[in-house]
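Structure, as structure tokens:
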Amino acid sequence: MAITKEEQQQNQIAGHKELGHKSLLQSDALYEYILETSVYPREHESLKELRELTEKHPWNLMATPPDEGQLLGMLLKLINAKNTMEIGVYTGYSLLSTALALPSDGKILAMDVNREYYELGLPVIQKAGVAHKIDFREGPALPILDELIKDEKNKGTFDFIFVDADKDNYLNYHKRVIELVKVGGVIGYDNTLWNGSVVAPPDAPLMNYIRYYRDFVMELNKALALDSRVEICQLPVGDGITLCRRIS
């Protein structure tokens with residue numbers, strides 16, 4: 001479901017005027033402190049360029065915030081990830097964060113329904129010298145995942161999988177990526193606190209797209225909590241990210 005122009009304006013009025021300001025922190029000043037003190041000083045120049053480029057795009061609220069990109073980069077290095085997947089790319093901030101964190105022979109299978117958005121950020125990715133790590137596939141992710149699962153050799157081969165796409169398919173993605181990530185590997189689901197709406201009362205004044213996807217996000221959260229195949233950790237970074245470590 002697309003965000004309407006009116007909803008974009010409401011989001012801006014609510015204080016989301018800058019790219020990446022998808023923080024659940026109540027204080028804008030505290031979020032800015034985190035960015036200025038710990039994120040921006042360490043942000044790769046190519047990430048900064050891509051972030052500033054994406055700020056000018058009308059759908060910039062879809063971008064991964066820079067503090068979350070920093071978290072992903074550190075996580076990938078901690079688990080020594082080499083073979084990864086990303087479902088939902090947009091202009092590629094999280095994709096570039098991943099590519100920069102992987103070793104020179106690392107690989108990312110990246111999927112998105114819109115190549116045009118990916119190509120906005122592609123020149124920056126190429127300039128960063130990491131485009132060779134990316135295998136971009138345009139189109140819905142589910143058929144691609146189904147094809148991968150058909151080949152037994154693909155199962156349990158991915159070190160890390162990041163999902164930031166259509167929320168109404170999150171459970172469908174989980175049913176498939178759990179087979180593709182290795183035991184000990186990690187799946188990251190983005191937007192799992194969904195603008196804080198997961199605790200909003202039924203009559204709360206929510207934007208249409210927030211209300212539409214809220215139940216899907218909450219359904220995923222409940223399912224992950226009950227899934228004995230994974231250990232989970234839900235963090236209030238960005239719009240909420242849930243990390244799942246496969247244990248069986």
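No value in this document is a laboratory result; all are computed from the given coordinates. Only a predicted model underlies this, so the values are computations on that prediction, with no experimental measurement involved. No Cβ is skipped: glycine too gets one built from the backbone with ideal geometry, and neighbour counts run over all protein chains shown.
Kindly point out which whole DSSP H helices in the chain project their C-alpha atoms 27 angstrom or further along the helix axis while averaging a Kyte-Doolittle hydropathy of -1.0 or above. Before the final figure, lay out the partial values.
Values: long enough: 208-226 (29 Å, -0.13).
Membrane-span-like by this rule: 208-226.
Using the alpha carbons of the range 102-163, what is the convex hull volume per residue in cubic angstrom, as a whole number? Walk me through the intermediate numbers first.
Values: hull volume 5.7 nm³, N = 62.
Convex hull of Cα atoms, per residue: 92 Å³.
Could you identify which residue out of GLY129, GLY188, GLY238 has the top mean-square fluctuation in a GNM of the chain using Cα springs shorter than 10 Å?
Of GLY129, GLY188, GLY238, the most mobile in the Gaussian network model is GLY129.
For the range 135-248, report the convex hull volume of the alpha-carbon atoms normalised per residue, in Å³, without decimals. Could the numbers behind the result be given before it?
Values: hull volume 12.5 nm³, N = 114.
Hull volume over Cα atoms, normalised by residue count, gives 110 Å³.
Report, largest value first, the span of the C-alpha coordinates of the chain along each principal axis, in whole Å.
That gives 50, 42, 32 Å along the principal axes, largest extent first.
Tell me the Rg and the Dmax, in Å, that the Cα atoms of the range 40-167 produce.
Over the range 40-167's Cα set, Rg and Dmax evaluate to 14.0, 44 Å.
Dipole of the range 37-176, Cα-centred, from +1 at each Lys and Arg C-beta and -1 at each Asp and Glu C-beta, to the nearest 20 debye? Each step should come with its number before you reach the end.
Working: 17 positive and 22 negative charges, 73 e Å.
The calculated dipole for the range 37-176 is roughly 360 debye.
Between LEU30 and ASP168, what is 0.36 nm times their sequence separation minus the Cα-Cα distance? Round to one decimal in nm.
On the way: separation 138, 0.36 × 138 = 49.68 nm, distance 3.19 nm.
Net length gain for the segment: 46.5 nm.
Could you work out the relative contact order of the chain? I mean the mean sequence separation of Cα pairs under 8 Å and 6+ apart, divided by the number of residues, in percent.
Details: 396 pairs, mean separation 46.0, N = 248.
The value is 19 percent.
So, with +1 on the Cβ of K and R and -1 on the Cβ of D and E, and no other charges, what is the size of the charge dipole of the chain about its Cα centre, to the nearest 20 debye?
Working: 27 positive and 36 negative charges, 136 e Å.
Using only the charged Cβ atoms, the result is roughly 660 debye.
Say the cut-off is 25 Å between C-alpha atoms; which of LYS82/LYS150; LYS77/LYS155; LYS77/LYS182; LYS107/LYS127; LYS107/LYS222 go over it?
Working: LYS82/LYS150 22 Å; LYS77/LYS155 22 Å; LYS77/LYS182 16 Å; LYS107/LYS127 17 Å; LYS107/LYS222 31 Å.
Beyond 25 Å: LYS107/LYS222.
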